[in-house]
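The values are calculated or read from the model by the stated rules, or taken from the named source; none is laboratory data. Keep in mind that what you see is a predicted model, and the values were worked out from it rather than measured. Heads up, the Cβs are rebuilt from the backbone with ideal geometry, glycines too, and the neighbour counts pull from every protein chain shown. Quick note on the areas: whole protein, heavy atoms, side chains included, nothing else; ligands and nucleic acids left out. Shrake-Rupley method; radii C 1.70, N 1.55, O 1.52, S 1.80 Å.
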Amino acid sequence: MISHPYLFLHDSHSGVGIPILPAFGRQYHGRKKEVARFLEIPTRMEVSNRSVSSQSQFGNNSGKVEAIFVSGRGGSGKSHLVNKCGDFLSMQGWLVIGKKFERGLEHNAQGVVCSLFDEVVKNLVMMRNGGDEQDTEYSENVAKILVDSFDASSLSSLFGYLPSIKSFLDDIAVKRTSFVESNLMHWQLVFLLTRFINALLRANRPIMLILDDLQWSDELTIELVLGDILEAVFDGKGGCNFLFAGVYRDDNMSNEHPLSAKLSNLRQSQSVHVTDIDLSSFTKRDISEIIANELRLPSRVVSELGDIVHKKTSGHIFYAVELLNALVRDSTMYFSSKTRRF
């Protein structure tokens with residue numbers, strides 16, 4: 001009640017005497033420390049851009065590329081946390097784009113990275129046509145920088161790699177080169193992606209790129225993203241405007257997994273500052289708070305139910321939410337017209 005008093009100031013009825021059934025998992029509860037730790041990084045970056053004294057305020061990480069890695073068991077809320085933080089940063093003017101690797105499709109891992117950057121271009125197209133003056137100016141500035149950064153041959157290869165660039169640079173690039181299909185080798189991907197991201201960062205708008213389920217990527221793609229691209233951002237002095245967020249399941253990874261070795265190296269890197277956020281199981285208090293907020297009841301009233309749910313699910317939030325919603329569907333948890341509460 002103290003954390004979310006507004007939930008208890010309004011009746012949860014629909015207006016015709018029928019209570020609104022609770023839907024657990026709809027609202028984001030818990031993980032306050034983890035969210036605060038995540039958002040501390042972009043805050044530090046923004047302060048660093050505004051103040052030369054930021055190094056004394058926030059430590060000696062100024063100038064490094066920031067990378068956040070969120071780990072935990074499957075269903076622990078990793079993607080939910082990163083997406084919520086991404087939504088917040090989007091409202092603050094950040095360009096936030098994310099993609100997800102798929103299990104069993106490791107052979108297409110580089111295709112996921114391609115689609116991530118293509119999604120960046122799609123967003124630039126929407127910003128150009130969206131009607132917002134600042135977005136339009138930013139998009140047009142990026143287009144000019146890209147054309148100045150690539151020669152005709154490289155730009156032609158980029159068309160084959162990022163299909164949406166055809167519509168983004170249609171008025172500029174068509175005059176310089178024709179559209180061709182490119183069978184890109186790994187070194188070409190490295191060259192094109194690193195030059196593309198550095199050109200993008202020259203437009204001075206903060207960007208966060210998210211790659212989810214990194215454990216389903218392959219070794220070559222892990223090196224491309226966590227090695228070549230991050231190093232290129234550092235070399236291009238674009239770290240103050242770039243944030244990478246990686247998500248992975250630590251219960252699906254052995255010590256021999258290429259991601260494990262790469263993360264170990266990154267933590268020792270002189271060019272990348274790594275922040276690790278591990279999502280552990282929810283406590284009994286966390287579960288009780290979720291129930292109390294959804295049912296608009298004091299925590300002391302729902303503490304017994306919270307203890308039972310925690311015991312049944314071991315604090316795994318995915319299973320806790322599923323169990324609570326099952327109790328609602330089965331009418332085990334119901335609204336009493338007599339007491340006018342659940």
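If the reach is capped at under 18 angstrom between alpha carbons, list the aspartates and glutamates near K99, excluding any in the same chain fewer than eight residues apart.
Candidates past the 8-residue exclusion: D87, D118, E119, D212, D213, D218, E219, E223.
So what are the ³J(HN,Hα) numbers for the range 228-234, from phi and the Karplus equation (6.51, -1.76, 1.60; θ = phi - 60°), rounded to whole Hz, Gly and Pro as x?
Result, ordered by residue: 5, 5, 5, 5, 5, 5, 5 Hz.
Taking the highest mean first, how do the peptides 121-129, 211-219 order by number of other beta carbon atoms within 10 angstrom per residue?
Ranked by mean Cβ neighbours within 10 Å, highest first: 211-219, 121-129.
Run the accessible area of the range 65-150 with a 1.4 Å probe and give the carbon-and-sulfur part as a rounded percent.
On the way: 1720 of 3850 Å².
Solvent-exposed carbon and sulfur of the range 65-150 make up 45 percent of the total.
Straight-line reach only, C-alpha to C-alpha below 25 angstrom: list the lysines that K284 could link to, leaving out same-chain residues fewer than 8 apart.
Cross-link targets: K32, K33, K78, K84, K311, K312.
Before anything else, pin down the relative contact order of the range 65-155: Cα pairs under 8 Å, at least 6 apart, normalised by residue count, whole percent.
Averaging sequence separation for qualifying contacts and normalising by length gives 12 percent for the range 65-155.
State the Cα centre-to-centre distance between the range 117-144 and the range 61-105 in whole Å.
22 Å
Taking amide hydrogens as modeled 1.01 Å from N in the peptide plane, which residues meet the under 5 Å criterion relative to M333, leaving out close sequence neighbours?
V328
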